[in-house]
Amino acid sequence: AQKITQTQPGMFVQEKEAVTLDCTYDTSDQSYGLFWYKQPSSGEMIFLIYQGSYDEQNATEGRYSLNFQKARKSANLVISASQLGDSAMYFCAMRISASKIIFGSGTRLSIRP
Amino acid sequence: DGGITQSPKYLFRKEGQNVTLSCEQNLNHDAMYWYRQDPGQGLRLIYYSQIVNDFQKGDIAEGYSVSREKKESFPLTVTSAQKNPTAFYLCASRRTGGLSKNIQYFGAGTRLSVL
């Protein structure tokens, strides 16, 4: 069965430190994609980063990078130099078909000043 | 500015009442989606549409209905058959071609509560 697992319900990190949010996935498909979205308290889902299963390089977008380890089926999000504005829920998601994606249960990240 | 607009932000439903949530996008995206989010959980797919006048059920379609008469609009009706409608509803859209075709972009959501 296709599934996304986020095992960290909540994390506290000191401002300016780097943080890694864990995500593992399960699929038997060869072609898939992995996403990370940020959901602040306002509720909107904000797209952060995407990695295709055939992409050889890890995706990066500014302070965000996706540590893609295909053999381990993991797609961890790394945020460098965390900021107070990074406090939010973070969801890992996987594209399971051309038109559908599934979401994990999320990790609540809190940045301490 | 291009984006996805959901309205209203908050909505209250009485017992036995149908309510409609609006979703409008000016991104010229072909595909549109409705998701439900319950407290402390991820998103679950209700319905999606890849083209005007066509839509498919997602994982939790029972008690909901949609229409797609215009490319820009994908309203969701929560019917009286949905016995537990209290949740946060998110609309999303996606291009179906080009480099960013896999990425879904979201609106700000509608929070529905039952009176």
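Computed from the coordinates by the stated procedures, all read-outs in this text should not be read as laboratory data. Every value quoted in this text rests on a predicted model; they were computed, and no experiment measured them. Cβ: placed from backbone, ideal geometry, glycine included. Neighbour counts: every protein chain shown.
Would you mind checking which residues have amide H under 5 Å from B:Ala108's amide H? H placed 1.01 Å from N; only 5 or more apart, or other chain.
B:Gln6
Over the alpha carbons of chain A, what is the largest minus smallest coordinate on each principal axis, giving the biggest first in Å?
42, 27, 21
From the C-alpha gyration tensor of region A:1-61, pull out the three semi-axes of the equivalent ellipsoid (sqrt of 5λ each), sorted largest to smallest, in whole Å.
Square roots of five times the eigenvalues give 23, 15, 13 Å.
Once each part is reduced to its C-alpha centroid, what is the distance from region B:59-95 to region A:47-109 in angstrom?
What the calculation gives is 26 Å, centre to centre.
Looking at region A:1-60, which GluC sites (Glu not before Pro) are DSSP coil and have at most 11 other C-beta atoms within 10 Å of their C-beta?
Passing sites in region A:1-60 are A:Glu56.
For A:Ile102, A:Ile79, A:Ile46, what's the fewest-to-most ordering of other Cβ within 10 Å of each Cβ?
Ascending number of Cβ neighbours within 10 Å: A:Ile46, A:Ile102, A:Ile79.
Using the Karplus equation 6.51 cos²θ - 1.76 cosθ + 1.60 (θ = phi - 60°), what ³J(HN,Hα) coupling, rounded to whole Hz, does each residue of region B:73-83 give in order, writing x for Gly and Pro?
Per-residue couplings from phi come out as 10, 8, x, 10, 9, 9, 8, 5, 6, 7, 7 Hz.
Provide a whole-number value for the mean count of partner chain Cβ atoms within 10 Å of the Cβ atoms in peptide B:3-9.
Average per residue, whole number: 1.
How large is the Kirkwood hydrodynamic radius of chain B, counting all unique pairs of alpha carbons, in Å?
Kirkwood radius, chain B: 14.1 Å.
Please list log₁₀ I(q)/I(0) at q = 0.09, 0.11, 0.12 Å⁻¹ for the protein assembly as shown, using the Debye equation with identical point scatterers on the alpha-carbon positions.
At q = 0.09, 0.11, 0.12 Å⁻¹ the computed log10 ratios are -0.37, -0.56, -0.66.
Can I get the semi-axes of region A:51-113's equivalent ellipsoid? Compute them from the C-alpha gyration tensor as square roots of 5 times the eigenvalues, in angstrom, largest first.
Semi-axis lengths for region A:51-113 are 23, 15, 10 Å.
So what is the relative contact order of region A:54-108, in percent, for Cα pairs below 8 Å that sit 6 or more residues apart?
RCO, region A:54-108: 21 percent.
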